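Contents: one structure, followed by commentary.
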Amino acid sequence: MASFPLLIPDNAPFTTEQRAWLNGFLSAWLSKENPQTLGSFSSPATTPPLLVLFGSQSGNAEGLAKKIGKLAKTKNIQPRILNMEAASVGDLQKGHPTVIVTSTWGEGEMPDNAKTFWESIQQENAARLEGLPYAVLALGDKNYGDTFCYAGRQFDEQLEKLGANRLHPRIECDVDFETMALEWIDVVLGKVEKIEPNLTHSNTPSAESIPSSVLPEIIGYSSKRHFPAPFLKNQPLNAASSAKDVRHLEFSLEGSGLHYEVGDALGVMPENSSPFISEILEAAALTGEEKVEIDEKGTLSLREALTSHLELRSLLTTLPSPGTSAAQLVENLKPLKPRLYSISSSPKAHPGEVHLTVGAVRFESGGKARGGACSTFLADRLPLGKTAGVFIQTSHGFRLPTDPTRSMIMVGPGTGIAPFRAFLEEREVIAAPGKNWLFFGDQKSATDFLYRDQLEGWVKTGHLTRLDTAFSRDQSEKIYVQDRMRENASLLWNWLQEGAYFYVCGDAQRMAKDVDETLLRIILEQGSMSEEEAKTWVSTLKKEKRYQRDIY
């Protein structure tokens with residue numbers, strides 16, 4: 001066998017045993033000189049017995065789909081993981097057991113990458129799927145009431161309507177979905193094993209062929225395993241008199257092995273506010289030294305559990321009453337989860353660093369000042385030089401044009417500017433010749449013009465071809481980015497006809513919907529189209545990946 005240098009360095013996040021196993025496996029795989037050394041790692045058969053389709057807006061559904069794939073392989077089931085935007089009814093007609101994993105965003109809407117596929121299976125003449133074994137894993141947020149997991153419900157009902165057979169009842173997961181989803185996946189995979197044993201592959205890696213110490217995390221950092229990133233910079237972007245508090249934040253990724261592309265998000269694990277925790281403990285007449293049991297963490301002091309492992313959102317409005325035991329206090333609290341933020345830097349412009357643009361969430365409840373757990377952790381409580389747990393959340397559906405000569409139209413009010421700062425930095429470094437047009441908006445020009453110097457500098461150099469701003473409170477009548485789009489309708493339509501990409505980042509509930517409607521109107525009017533023709537034009541934009549959104 002050829003000799004290879006160690007592929008997993010000593011500073012990688014593994015034990016000695018894990019590192020040795022990985023180096024041995026990767027060296028054998030790369031050598032190709034002695035296929036027998038690969039043993040159970042030889043290539044699987046090409047016919048997949050399990051189809052996993054995902055519709056994902058922020059990356060959670062995609063992450064779960066990939067976990068289903070990993071777990072399927074431990075059961076000798078060969079999966080095919082497919083983004084819904086690349087899927088067709090023909091994929092379902094092959095008859096393989098199918099798992100649908102989909103999120104819901106806004107008021108019960110399908111993820112952007114799922115809409116075309118959804119339309120194809122719910123048409124009146126949609127192909128029948130008689131006997132197709134399927135199951136649906138739906139993600140949502142119970143704060144949205146009746147529209148909670150609505151996209152998943154629609155898929156489940158439509159597949160049944162087309163004659164498919166439900167392999168296992170649909171699961172509907174709230175924002176704290178990990179444990180519940182994994183238990184459901186295990187049951188579903190067990191049923192797949194029973195219904196198609198002839199399609200499993202003995203040469204696929206099994207749980208026994210991979211050391212258990214390696215299986216959970218073969219490589220890298222994730223939402224369950226974070227890199228302690230040193231905090232480098234915390235710069236206010238608003239003037240002191242602003243009603244908002246937006247920060248430019250920088251972290252070091254040196255030594256992490258983490259890599260990202262513009263368009264990706266950074267997951268950040270927060271710590272809860274110490275004063276608020278003290279307020280909770282005082283209300284319950286507890287010291288914080290009491291011991292509590294936390295799933296996957298074991299026995300912890302109550303204060304540590306409240307600081308680093310539990311969501312306190314439910315206690316923001318109602319504090320515990322005196323006499324509440326430590327166990328009673330924590331039993332209904334959900335696990336503390338990382339928050340995702342759009343990355344606002346280019347790795348080419350800032351090697352070894354990652355930047356964020358974060359608005360601190362501050363409000364009053366019961367006459368007392370409160371704040372968002374992660375945004376105020378970053379703005380107020382994390383000292384420079386200290387570390388925060390981070391990981392990269394890949395976003396396959398929010399990317400620069402593959403052709404650097406293509407033009408870009410970007411709509412990003414408020415902190416929605418974040419990924420577009422990254423886009424513009426990247427295009428500047430690679431000297432992309434395509435034109436760049438940014439619509440930016442906020443409350444007041446004098447106090448809320450985020451990254452003003454950098455943006456206006458790009459206008460002067462010509463890198464930013466156009467910069468149209470909408471500051472809603474600089475005049476008596478409020479003006480928003482969609483108003484600026486309408487004012488420039490003719491030019492915007494010309495750019496789109498010439499092949500420009502159209503991007504939106506920001507609030508899903510209001511801004512993104514308004515921008516979507518405005519874009520449709522512009523296409524309808526400027527292109528002299530009917531409503532149906534304009535919708536088809538927008539649908540084509542999305543299929544060509546020329547209309548992309550990063551919304552939350």
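The values are calculated or read from the model by the stated rules, or taken from the named source; none is laboratory data. Please read these numbers as outputs of a predicted model, since none were measured by experiment. Cβ placement follows ideal geometry from the backbone for every residue including glycine, while neighbour counts extend to all protein chains displayed. To get the accessible areas, we keep the full protein, side chains included, count just its heavy atoms, and leave off ligands, DNA and RNA. Shrake-Rupley method; radii C 1.70, N 1.55, O 1.52, S 1.80 Å.
Against the condition open to solvent by less than 10 Å² (accessible area, probe 1.4 Å) and closer than 30 Å to TYR547 by Cα, how does LEU82 come out, does it pass? Taking the combined requirement at face value, the residue does not satisfy it. Pairs meeting the criteria (first residue in region 236-263 and on the phi > 0 side of the Ramachandran plot, second residue open to solvent by 50 Å² or more (accessible area, probe 1.4 Å), beta carbons under 8 Å, at least 6 apart or on different chains) are GLY255/ASN11.
Among the residues of region 408-423, none is identified as of a type outside the set (A, V, I, L, M) and either part of a strand (DSSP E or B) or surrounded by fewer than 20 Cβ atoms within 10 Å (Cβ to Cβ) (or both). Here region 364-395 is the region considered, the condition is being open to solvent by 80 Å² or more (accessible area, probe 1.4 Å) and outside any helix (DSSP H, G or I), and the residue that is farthest from PHE227 (Cα to Cα) is GLY366.
Given the criteria assigned to a helix (DSSP H, G or I) and buried (at least 21 other Cβ atoms within 10 Å of the Cβ), does GLY152 qualify? Spelling it out, GLY152 is indeed assigned to a helix (DSSP H, G or I) and buried (at least 21 other Cβ atoms within 10 Å of the Cβ).
Out of GLN548, GLN509, one residue alone is open to solvent by 30 Å² or more (accessible area, probe 1.4 Å), touching a residue at least 12 places away in the same chain (Cβ under 8 Å) and not in a helix (DSSP H, G or I). It is GLN509.
Name the residues in region 429-454 that are in a helix (DSSP H, G or I), closer than 27 Å to ALA240 by Cβ and open to solvent by 10 Å² or more (accessible area, probe 1.4 Å), would you? Walk me through it before giving the result.
At the first step, the residues of region 429-454 found to be in a helix (DSSP H, G or I) are 429, 445-448, 452-454.
Going one step further and asking which of them are closer than 27 Å to ALA240 by Cβ, we end up with 445-448, 452-454.
The answer is SER445, ALA446, THR447, ARG452, ASP453, GLN454.
Report, by residue number, each residue of region 341-363 that is part of a loop (DSSP other than H, G, I, E, B) and surrounded by fewer than 21 Cβ atoms within 10 Å (Cβ to Cβ). The answer is LYS348, ALA349, HIS350, PRO351, GLY352, ALA360, VAL361. Filtering SER241, SER274, SER256 for residues that are out of contact with any Asp or Glu (no Cβ under 6 Å at 6 or more places or on another chain), open to solvent by 30 Å² or more (accessible area, probe 1.4 Å) and more than 30 Å from LYS444 (Cα to Cα) leaves a single hit, SER274. Cβ-Cβ distances below 6 Å connect the following pairs, each with a first residue in region 313-333 that is touching a residue at least 24 places away in the same chain (Cβ under 8 Å), a second residue that is surrounded by fewer than 13 Cβ atoms within 10 Å (Cβ to Cβ), and a separation of six or more residues or different chains: LEU316/SER365; THR317/SER365; PRO322/ALA285.
Residues checked against (1) basic (Lys, Arg); (2) more than 21 Å from the chain's Cα centre (by Cα); (3) open to solvent by 30 Å² or more (accessible area, probe 1.4 Å):
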site: ILE77; (1), (2), (3): no, yes, no
site: SER88; (1), (2), (3): no, yes, yes
site: ASP91; (1), (2), (3): no, yes, no
site: THR116; (1), (2), (3): no, no, yes
site: ALA127; (1), (2), (3): no, yes, yes
site: GLY140; (1), (2), (3): no, no, no
site: ASN143; (1), (2), (3): no, no, yes
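Considering the conditions (1) open to solvent by 30 Å² or more (accessible area, probe 1.4 Å); (2) out of contact with any Asp or Glu (no Cβ under 9 Å at 6 or more places or on another chain), PRO401 is excluded by exactly one of them, (1). Taking each residue of region 373-391 that is more than 17 Å from LEU237 (Cα to Cα) and looking for partners that are assigned to a helix (DSSP H, G or I) and modelled with pLDDT of 95 or more with beta-carbon atoms closer than 9 Å, six or more apart or interchain, yields ARG381/SER274; ALA388/PHE377; ALA388/LEU378.
The residues on offer are GLU172, GLU107, and the sole one that is of a type outside the set (A, V, I, L, M), farther than 23 Å from GLU544 by Cα, open to solvent by 10 Å² or more (accessible area, probe 1.4 Å) and part of a strand (DSSP E or B) is GLU172.
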